[in-house]
1. What FRET efficiency, computed as 1/(1 + (r/R0)^6) with R0 = 25 Å and r the Cβ-Cβ distance, is obtained for A66 and A148, rounded to the nearest 0.05?
2. Rounded to the nearest 0.05, what FRET efficiency do L372 and R127 have when you use their Cβ-Cβ distance and R0 = 35 Å?
3. For the range 76-106 and the range 171-230, write down the distance between their C-alpha centroids in whole Å.
4. Between D226 and H323, with labels modelled 7 Å along Cα→Cβ, what's the label distance in nm to one decimal, could you check?
5. Largest first, please: the extent of the C-alpha atoms of the range 103-211 along each principal axis, to the nearest Å.
Amino acid sequence: MQGEPRSALHPPGRLGRSLATLALVASGLMARPALAEEAREVSVTTEVSAGRGFRAWSLLGDMGLAGNTTFLTLGYTAARPEAGTAATHQLSVGLDRVLGEHWLVAVMASVGLPKSTLTELAPERPRLGLPGVDARTGYSSQSLLLSAAYDSAGFSGVEFGLDAGLSLTRHPLSREIIVPSRTGTTVRYSREELLWVARPSLGARLLLGLRWELGLRAGLTLYSEDPLTAGQFTDEETAELTRRFENALEARRALLGLSTRINRDVGSGVAQRISDVNATTGIPTAPSRFDVKPSVTWRATRDVRGQLSYAFTRYVPGEGLSHVLATRWTVRLGEPVRVWASVALQVDHLEAAEDGTDAAEPSRVRSGLLSLGGEYTF
């Protein structure tokens, strides 16, 4: 669009993707001198986000090939959904292709490295002759994303862009019940389930003159089975755990805490959400059903840009919803460098539990979010 045909043709949300390390891009350039001569632009982007126990960091490398009509992206993202859990690590590789003056198509594959989190469910009870009980949960992912974008790419007072994407993600979810002892550990149960997730998304933006841009994005998440039960403990496993506690209520409380942890883990990782999480989108506390994000951007000067956005996420039935109000400001420090900061207020409305525990009342949780990032182009 106006005066920025290359950036206009790049699909939205590139910053949030889990992409390459600078070392990989640099080594590729050194190994292929002829290719380096064709490439006109290489950019490296990094961003860190934090809020309410959540931490995320991403590093992206983007290299133009073949006269800057094809772009190679490689990268890495790490995210920890809450304190006390293992971090999720994701590697990605993608290709974007510009077709003429208006179209761009893209494909990206990503792999979430296997991880496991050990949670103590019951302490050892020597007087009752009962050993302690721990739970180990595991998680990994493999996904493929296809997208296409159209840009009017003109110089009139009103221009527009549209994009659509579809991701398919495979999640192996494992769980074990472990009884530790002085002589070692005994695995009582070991199960693994597959959760398939499809996520179609749509986006649109409207440029009004040189200073204003209106945007709207929406996504729907579809699951092969209920994500609240996938990877959770069965009735048989729950009965085994209940025998380790003094009463059933204590057992349900321990399992509720573990269930919440698993749901946050899955919610922040499914269907590419891990690569989109920052202060402008919010931090998912459960698997989502759909999300909508309108935004308005104001270009104050050539080098300063501000954005105000609102993101609504409806979680799967029984988990509630969230609202995120955010502002993001970007400053260009000369031609090669851009930096930005985003701050947001997130409010989660969590629905009542149905298990008779202390969480039986609806709750409202507020949290502040912060993201800092930068991009260097050479």
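Any read-out appearing in this document is the output of simple, stated calculations on the displayed coordinates, not a laboratory observation. Bear in mind the structure is a predicted one, so any value in this text is a computation, not a measurement. Note: ideal-geometry Cβ built from the backbone for every residue, glycine included; neighbour counts use all protein chains shown.
1. On the way: r = 19 Å, r/R0 = 0.76.
With R0 = 25 Å, the Cβ-Cβ based efficiency is 0.85.
2. Details: r = 52 Å, r/R0 = 1.48.
Once the sixth-power term is evaluated, E becomes 0.10.
3. 14
4. 2.9
5. Cα extents, longest axis first: 80, 26, 17 Å.
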